[in-house]
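Chemist: One structure is given below, represented as structure tokens, and several questions about it will come after.
The values are calculated or read from the model by the stated rules, or taken from the named source; none is laboratory data. If you're wondering where the values come from, they're calculated on a predicted model, not measured in any experiment. Heads up, the Cβs are rebuilt from the backbone with ideal geometry, glycines too, and the neighbour counts pull from every protein chain shown.
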Protein chains: 2
Amino acid sequence: MPAELMLETDAYSLLRSADIDVPKHRLAKNCTEAVEASKITGFPLVIKISSSDIAHKSDVGGVVTDICDEKELIFEYNSLLMRVKEQAPDAHINGVVVAEQISAGTEVFIGGTFDPSFGKVISFGTGGTLVELWKDVSFRLTPLNENKIKSMIEETKISAVLHGFRGTAPLNMDALIKIIKNLSKLFEENDSIISFDINPVVLSTERAVCVDARFITDINSKKKERILPAKPLHADVFKPKSIAVAGASPVAGKVGYFVMQNLLEFKGEVFPVNPGREEIFGMRAFKKVSDIKKSTGKTPDWLIVAVPAVAVLGVIEDAGEAGVKFAVIISAGFKETGEKGAKLEEEIIKTAKKYNMRIAGPNCLGVMIPDMNLNATFGPALPKPGPVGFISQSGAIISAVADRDITGNVGLSAIISVGNQSDLSFSDYMHALAEDGKTKAVVLYIEELVSGRRFLEDVQKIIHKIPVAAIKSGRSKKGSAAARSHTGSLAGSWEVYKEAFKTAGIVTAPSITRAFQTAGLLASEGWPKGNRAVVVTSAGGFAVLSADYAEDNNIELIELDNCLKSELNAVLPFGWSGNNPIDMVGDAGDKRYAQTLDILIRHQDKWDIAFIAAAPVTSIDPVRLSKEIVRFSKQTEKMVVGCLIGGDSIKPGLKILNESNVPNFSELSDAFSATGDCIKAAREAGFFSNEDI
Amino acid sequence: MPAELMLETDAYSLLRSADIDVPKHRLAKNCTEAVEASKITGFPLVIKISSSDIAHKSDVGGVVTDICDEKELIFEYNSLLMRVKEQAPDAHINGVVVAEQISAGTEVFIGGTFDPSFGKVISFGTGGTLVELWKDVSFRLTPLNENKIKSMIEETKISAVLHGFRGTAPLNMDALIKIIKNLSKLFEENDSIISFDINPVVLSTERAVCVDARFITDINSKKKERILPAKPLHADVFKPKSIAVAGASPVAGKVGYFVMQNLLEFKGEVFPVNPGREEIFGMRAFKKVSDIKKSTGKTPDWLIVAVPAVAVLGVIEDAGEAGVKFAVIISAGFKETGEKGAKLEEEIIKTAKKYNMRIAGPNCLGVMIPDMNLNATFGPALPKPGPVGFISQSGAIISAVADRDITGNVGLSAIISVGNQSDLSFSDYMHALAEDGKTKAVVLYIEELVSGRRFLEDVQKIIHKIPVAAIKSGRSKKGSAAARSHTGSLAGSWEVYKEAFKTAGIVTAPSITRAFQTAGLLASEGWPKGNRAVVVTSAGGFAVLSADYAEDNNIELIELDNCLKSELNAVLPFGWSGNNPIDMVGDAGDKRYAQTLDILIRHQDKWDIAFIAAAPVTSIDPVRLSKEIVRFSKQTEKMVVGCLIGGDSIKPGLKILNESNVPNFSELSDAFSATGDCIKAAREAGFFSNEDI
């Protein structure tokens, strides 16, 4: 048995050694020793069976509480042993733990687990027997500092009780924080501990005591290798001047055919490579990549590989020899097919490393750089260029995204299909995009991160500059099974991903559409500076819905102060809402919008986000209104969110907003959700420096 | 003081009279009586101060528990009185309640409140001091029957504990159900009870006892009048042949101008009415509505009123006299402006009743019947005709919806702006649409229901035939304030609306877009028959996301049985997912889709819903795939949900789906959410008759 449950007395000793409070206790081998022990623990006391073979002591009648005197102790000691021997006759019994009974307090739990992507994780929440019922739990990746511990505690519902709930006295938070800190350190420093579960930790106004402790250990568990940060990928890698295509083909339907066809628009040089052809798509074909240099004296900046899996290693060796530094391996048939493929993949990467060649893929769709007319994929047409980069673990989703509709009006700076991520992974691509001078936000579609820790470190370096919105799939049990069947990844626990994203400031998006909405918003407006919002509208229904959606998304609709109110009273007709949402009454034209926006420009210190919501009504000219919104956006330093909601009749207005990079949402609920997601991410990652949380 | 807190002893008596178990107790006026009382209650016992002036007994030290003998009782009795007199010197003290102490059990609560739209509501959930912390609560409208009570209990988390949690014995559910039933009856039959709160009800394996009981009463509270069902509105009212327009105007910018302009397309007769004009839009104008009959012998089927508020009463009187039976009062300036307007509104309705004339509005945008080219509004152009009716409490939202984008490809049968609902309201319009022969689903935008109970009864009559998706706004505090400022409604509590919608089977939609998506889905597919789903795709990413979204929305992805698996193995290549989601591998063409769909047609008894998800990839011809999906939909009796996701390149496919009424979603998450919402509504309303819940 590699993993093993630690005896409770050992667990107690371990905890004590980490300066963590546990009940006074002794292991008694017989009744006399138990009585002896009671002199140390005092009454009332608890007795529990001690056996590595018994995981759930209560189930075999192995726990008795509330023992008040020696006579009772002797009686209960004997009957406990009898019950256990009857119910678990084969268990090896170490003895009986006699322990101090910790008088009533609030029960919390502290746990530690090992996540395949992110490593050691600490959890905290409502403890006791109803843990699974309340599911009141928060997580943090190790290492923890005091701030992280405090915020972890604050996230749970039970924290309200810890602070003193409805007149009860506050409990000893310092003791709790100390326990969590020491446990986290203990977990970090002991690689033989696979997981632990302290439940309950009993918290009173005086102390915090770990009453029940379960440690699972494995002495064979090795210290995880520290993954060294790879050499960062330079942005120039995405500005190739020449591209070789191994496996280029004139035969319609072949991958190498589609790649060549897509590259026809590329303004740089393209070198088809195919040992059996002289010419492909009217271009001279080369037998090997190394022949290109021999014939032309040029080394291609990129190599696209679209040959059968078995031929890839040879191509890479030859190209590496020839000095090629970047290859996109589209070919499939590697890790995703099993062990043999995985071995081949390893060989390829080893070979590439030898020549300092970086590899995208294998088993990927390719790479697109829209503003260079560079489509190095076997898939879809290029999307509109723009400020959002998209890095995806699914080729089909790239196809859907490149085909436009889903991205709305958001243009793309680069689309990268990561494939098996055997060399380059999300972090590398993000690093390069952050430096390319055109990417202002990034969308990630993630099924699995190869090294979650490194990813986080890398994201944290760039996220202030380029915000990141991520869709994490494979969250559900069936979803992670589906991910395995399709990429050979083991999708990690969603809870841990969520926590990791939060730490880094990544906006977690619930859908592809929303991810691009959010990225578009952030690319044009940057991070919001806070959550104080105003809504300006002439549509009563939108005012009502806005207030609901603001509340749903923790967006604060500011109360208008007297100064604002009196300025608004001066320009708005009788019957305006008198507060925020500022409903200017149904017959408002663009002039009334302009007057209200002018007031908000003057008072822009009072808000962080403005939503301008209008329906296509006869009194509003969408073009003039859009121009007012653009002016408003230019004259404020804040996040301005257009919500012109309608269809055909407002299109000329939308065009104006789009040309001036003012984001617009065609569904009010999306506008508030996307904004709320940004606020949440910014707040949780601590970007709102002036806020007391 | 109109509302008053009932003394606990009275509350206990009231409960006992309703055959509800309470602790044994006595009111003691002095120490001797307290000792006397203890002979009835036994020890341990509890003492509590009795005073109508003290709402929170614990806060003034007015409760002592765990009193174990007479000596302790005497001591604690005296010190309790001293404390209370010191802390609440002005309170009138009735005495001290001496009560049996109910030994530990699970604490739940039962509450009763009065909702302005729906009347009496019962709540149930986790009780004790942490009620506000856990917010584990469910609601039901009275009257309750045993099934409703059981499902109310099941909805809470604490129900798991009641059934026996992790090996504990199940508690006495029958006793709990009986208490809730009797309390509900008590509440229903006593109109002087405004609200009550029994917390805790202590539940053990033996009994269920109401330990603390707070009743708020008001003897002046009158029995609510039973609202008599109005005469149902006949569908023919929406098939007018002639329309008079009071306030018709040739002056651009006036409401009566826009109405006339919009009516130009109408194929029936239009009679402009304006005392100061001979001719409007080239049509003969009449001085009064009654002149139309005098001059032409015809009585218009509809009257649109767009005159100033003060002139409306005269117009209605005249038109009523002339035999007009249906009027749409667009004019504003009534209830929404205050008391004077409300009075005028009442007068108008009284007058209309005299002539059996039904009134839409006032203060509304008007009515549209797209397939009749009938646009009787002062607003937007007509949308595309189709199977979905839209009844809205916001004119601006109608403008946005009629302008298309939001509705996607869903066409509309009728758009009705309800305005102040002074005569006709949501129920009436729904009833008429249900009978019009073309409406297959309805979307409601609701800020407030005038009579929630009548609405529910009416909805329940038609919802099997025409499903209803509703957006309820004014859910938040600020939202309901915004609703008040704009329509003069008092938006009721969201929790109660949610529960009411659930009872009736209304799908609650979180946004306008989603409401139309859901209505479109239901209009073409009808209610799903269950929640067993299959996903067919060739996009690995969609397979992974589908599994996540299915889990998020409680949609069951069936396990493929061996029979299905072996049939699929026969047609799908090595490397297909081997389970559901059925990922047929990235190179699947429409033929492989067809083969898989054929298998699912043969096995359609095993599933209720099929999602067909495809990206725009080179191997798929969207037109051919769409034709296969249409065939699949025709050859199955189940819900078929298209998820062709992409942009320009799939449009020809979408056209085919749309023409054949197969719903399609351009965002996978929306497809699952909308379907999940339908399943949830159908299940909660009990439409899945074959399911054990």
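Chemist: For the list (1) closer than 23 Å to A:K231 by Cβ; (2) touching a strand residue (DSSP E or B) at 6+ places or on another chain (Cβ under 7 Å), I need the number of the one condition that A:V443 fails.
Modeler: (1)
Chemist: Condition test on A:K157, is it of a type in the set (D, E, K, R), in a loop (DSSP other than H, G, I, E, B) and surrounded by 14 or more Cβ atoms within 10 Å (Cβ to Cβ)?
Modeler: Criteria met by A:K157.
Chemist: Answer with yes or no whether A:V60 is at pLDDT below 90, surrounded by 18 or more Cβ atoms within 10 Å (Cβ to Cβ) and out of contact with any Leu (no Cβ under 6 Å at 6 or more places or on another chain).
Modeler: For A:V60, the condition - at pLDDT below 90, surrounded by 18 or more Cβ atoms within 10 Å (Cβ to Cβ) and out of contact with any Leu (no Cβ under 6 Å at 6 or more places or on another chain) - is met.
Chemist: Count, please, the residues in the stretch B:559-584 that happen to be surrounded by fewer than 17 Cβ atoms within 10 Å (Cβ to Cβ), within 11 Å of another protein chain (Cβ to nearest Cβ) and under 29 Å from B:S673 (Cβ atoms).
Modeler: Residues flagged as surrounded by fewer than 17 Cβ atoms within 10 Å (Cβ to Cβ), within 11 Å of another protein chain (Cβ to nearest Cβ) and under 29 Å from B:S673 (Cβ atoms) within the stretch B:559-584 amount to 2.
Chemist: On the basis of being within 14 Å of chain B (Cβ to nearest Cβ) and not polar (S, T, N, Q), does A:E132 make the cut?
Modeler: Yes, satisfied.
Chemist: Within the stretch A:592-625, track down each residue that is out of contact with any strand residue (DSSP E or B) (no Cβ under 8 Å at 6 or more places or on another chain), within 14 Å of chain B (Cβ to nearest Cβ) and surrounded by fewer than 23 Cβ atoms within 10 Å (Cβ to Cβ).
Modeler: Answer for the stretch A:592-625, where residues must be out of contact with any strand residue (DSSP E or B) (no Cβ under 8 Å at 6 or more places or on another chain), within 14 Å of chain B (Cβ to nearest Cβ) and surrounded by fewer than 23 Cβ atoms within 10 Å (Cβ to Cβ): A:T618, A:S619, A:D621.
Chemist: Collect the residues in the stretch A:424-480 that are among the polar types (S, T, N, Q) and either within 14 Å of another protein chain (Cβ to nearest Cβ) or within 15 Å of the chain's Cα centre (by Cα) (or both), keeping them in residue-number order.
Modeler: Residues of the stretch A:424-480 among the polar types (S, T, N, Q): A:425, A:427, A:439, A:451, A:460, A:473, A:476, A:480.
Within the stretch A:424-480, A:S427, A:S451, A:Q460, A:S473, A:S476, A:S480 qualify.
Chemist: Looking at (1) touching a strand residue (DSSP E or B) at 6+ places or on another chain (Cβ under 6 Å); (2) surrounded by fewer than 24 Cβ atoms within 10 Å (Cβ to Cβ), which one does B:D405 not meet, given that it meets all the others?
Modeler: Unmet for B:D405, out of (1) touching a strand residue (DSSP E or B) at 6+ places or on another chain (Cβ under 6 Å); (2) surrounded by fewer than 24 Cβ atoms within 10 Å (Cβ to Cβ): (1).
Chemist: Give the residue, chosen from B:A55, B:A91, that is modelled with pLDDT under 90, surrounded by fewer than 20 Cβ atoms within 10 Å (Cβ to Cβ), of a type in the set (A, V, I, L, M, F, W, C) and under 25 Å from B:A37 (Cα atoms).
Modeler: On the way: B:A91 fails: modelled with pLDDT under 90.
From the options B:A55, B:A91, the qualifying one is B:A55.
Chemist: For B:A588, all conditions in the list (1) assigned to a helix (DSSP H, G or I); (2) buried (at least 24 other Cβ atoms within 10 Å of the Cβ) hold save one; what is the number of the exception?
Modeler: (1)
Chemist: Determine which single condition A:D197 fails, assuming it passes every other condition in (1) of a type outside the set (K, R); (2) in contact with a Gly (Cβ under 6 Å, 6 or more places away or on another chain); (3) modelled with pLDDT of 95 or more.
Modeler: The number of the failed condition is (3).
Chemist: Sticking with this structure for a sec: What pairs come up if the first residue lies in the stretch A:150-162 and is at pLDDT 90 or above, the second is of a type in the set (D, E), and their beta carbons are under 6 Å apart, counting only those six or more places apart or on different chains?
Modeler: Matching pairs, first to second residue: A:T156/A:D136; A:K157/A:D136; A:I158/A:D136.
Chemist: Any residue that is within 14 Å of chain B (Cβ to nearest Cβ) and not in a helix (DSSP H, G or I) - is there at least one of those in the stretch A:195-205?
Modeler: yes
Chemist: Let me ask something else. Check whether at least one residue in the stretch A:489-504 is in contact (Cβ under 8 Å) with a residue 40 or more places away in the chain, within 11 Å of another protein chain (Cβ to nearest Cβ) and over 24 Å from A:V630 (Cα atoms), and report yes or no.
Modeler: Yes, the conditions are met somewhere in the stretch A:489-504.
Chemist: Specify the residue that is surrounded by the fewest Cβ atoms within 10 Å (Cβ to Cβ); the eligible residues are those in the stretch B:379-392 that are within 14 Å of chain A (Cβ to nearest Cβ) and modelled with pLDDT of 95 or more.
Modeler: Only one residue tops the list, namely B:I391.
Chemist: Being more than 10 Å from chain B (Cβ to nearest Cβ), under 24 Å from A:S660 (Cβ atoms) and surrounded by fewer than 24 Cβ atoms within 10 Å (Cβ to Cβ) is the requirement here; does A:N373 meet it?
Modeler: Here the answer is no, as A:N373 does not meet what is asked.
Chemist: Just one of the numbered conditions (1) in contact with a Pro (Cβ under 7 Å, 6 or more places away or on another chain); (2) surrounded by fewer than 23 Cβ atoms within 10 Å (Cβ to Cβ); (3) more than 21 Å from B:F258 (Cα to Cα) is not true of B:T351; which one?
Modeler: (1)
Chemist: Can you tell me which residue within the stretch B:163-192, out of those that are out of contact with any Leu (no Cβ under 9 Å at 6 or more places or on another chain) and not in a helix (DSSP H, G or I), is modelled with the highest pLDDT?
Modeler: Only one residue tops the list, namely B:S192.
Chemist: Given the criteria in a helix (DSSP H, G or I), more than 30 Å from B:T439 (Cβ to Cβ) and at pLDDT 95 or above, does B:L600 qualify?
Modeler: Spelling it out, B:L600 is indeed in a helix (DSSP H, G or I), more than 30 Å from B:T439 (Cβ to Cβ) and at pLDDT 95 or above.
Chemist: Another question, if that's okay. I'd like to know if the stretch B:39-47 contains one or more residues that are hydroxyl-bearing (S, T, Y) and over 29 Å from B:D90 (Cβ atoms).
Modeler: First, the residues of the stretch B:39-47 that are hydroxyl-bearing (S, T, Y): B:41.
Next cut, over 29 Å from B:D90 (Cβ atoms) only: B:41.
Yes, some residue in the stretch B:39-47 is hydroxyl-bearing (S, T, Y) and over 29 Å from B:D90 (Cβ atoms).
Chemist: A further question on this structure: Residue by residue through the stretch A:606-624, note down the ones that are over 40 Å from the mean Cα position of the chain (by Cα), modelled with pLDDT under 95 and of a type outside the set (D, E).
Modeler: Across the stretch A:606-624, the qualifying residues are A:V617, A:T618, A:S619, A:I620.
Chemist: Oh, and also: With the structure loaded, tell me whether A:A235 is at pLDDT 95 or above, crowded, with 16+ Cβ neighbours inside 10 Å and on the phi < 0 side of the Ramachandran plot or whether it fails that test. Reasoning before the result, please.
Modeler: On the way: at pLDDT 95 or above: no; crowded, with 16+ Cβ neighbours inside 10 Å: yes; on the phi < 0 side of the Ramachandran plot: yes.
No.
Chemist: Hey, another quick one. For the stretch A:245-257, which residues satisfy the criterion of being surrounded by 15 or more Cβ atoms within 10 Å (Cβ to Cβ) and within 14 Å of A:V307 (Cβ to Cβ)?
Modeler: Matches in the stretch A:245-257: A:V245, A:A246, A:G247, A:A248, A:S249, A:K254, A:V255, A:G256, A:Y257.
Chemist: Please determine whether any residue of the stretch A:396-415 is within 16 Å of A:P232 (Cβ to Cβ) and more than 11 Å from chain B (Cβ to nearest Cβ).
Modeler: The answer is no; no qualifying residue exists.
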